[in-house]
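Right, one structure below, let's go through it.
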Amino acid sequence: MSNIAKLEFAALEVTGKNYMPWIIDVKMHLESMGISNTINENNDCSAQDKARAQVFLRKHIGEMFRFEYLDVTDPSILWNHLKERFDHQKEVILPNARDEWRTLRFQDFKKVNEYNSALFRICSQLKYCGHDVTDEDMLEKTYSTFHASNITLMQQYRMQRFTKYSELNACLLVAEQNNKLLMKNHESRPTGPVALPEANAINVDGPRNNTRGRGRGRGRGRGRGFGRGQFNQNQNFNSSRGRGNSYNLGHWSRTCRTPAHLCQLYQDSIKGNGKELNLIDNVEFTMLTAADFCNDMEDID
């Protein structure tokens, strides 16, 4: 693991599947070190430069290769052995790269960067195999593989007449970010629902506790004593006892002092009418005094 941490790039695998990017990385690093000629045949490089190149090559090949080419000390010889072994990868890579290019579609990818990764990888493989891919080819590949629902958008991009794929790529990335922001705002509050205004609280504890706030007094009986504002039962009860205005209370039947037999006659008379009548202006009340109750008590004795 310590050796892997010191590598400038991935080592050449035994299968050779990463041979193409490996030779590019080796050439670039040897060039930066000033010893790129050491891998050429019949070079006149110094022994020190050859040793540096050989150490670098052996460091970036698989462990099986190091044992297999243990006796090779010239970097040009090692380079040629590896080239003869894996240079046929062009013939292996080319058919697969062509098939991937044929089936590549922009609509199959959820993100633009994912599509770009696949596009540039395939283009690199084709170029390595001697088949150059131009910007015009990449633009046409992208335009022709838009989703059917985005035909209008594709035509708008075509009208821009881009000459480089990088220009189209920049527009696609910007559009993707804008769509992401729009979706984020939409999900925070979908179209349609609007915050409802706060409703006023309603006190349903009854007339006794209904002494605060404003509003219409609503109840089962709607007599003359009910109107706008709150109704204070205790206060109206005390004020109405002296005047005999029983309709100032909630429901007149709660405080009516009519004898029971008259109440029964009244109830029999309104059966079948479908609703109770609360008009009591013309009702004649029989006023009782304390003497009436005393007489009843004497009859019981």
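Could you check how much of the accessible area of region 1-120 is carbon and sulfur, as a whole percent, using a 1.4 Å probe? So the carbon and sulfur contribution to the accessible surface is 53 percent. Annotation: per residue accessible area for region 44-145 equals 59 Å², rounded to a whole number [probe 1.4 Å, protein chains only]. Among Lys27/Lys164; Lys6/Lys111; Lys141/Lys184; Lys111/Lys141, which pairs are too far apart, with a Cα-Cα distance over 26 Å? Over 26 Å apart, Cα to Cα: Lys27/Lys164; Lys6/Lys111; Lys141/Lys184. Working note: Cα atoms of region 1-81, range along each principal axis, descending, whole Å: 34, 26, 24.
Pull out a ≥ b ≥ c, the square roots of the eigenvalues of the alpha-carbon gyration tensor of region 41-188, then state rounded if a/c is under 1.5, prolate if not and a/b is larger than b/c, and oblate in the remaining case. Provide the component values of the computation, followed by the final result.
On the way: a/c = 3.08, a/b = 2.53, b/c = 1.22.
Cα axes put region 41-188 in the prolate bin.
The values are calculated or read from the model by the stated rules, or taken from the named source; none is laboratory data. None of these values were measured; they are calculated from a predicted model. Please note that ligands, DNA and RNA were not included when accessible areas were found on the heavy atoms of the full protein model with its side chains. Shrake-Rupley method; radii C 1.70, N 1.55, O 1.52, S 1.80 Å.
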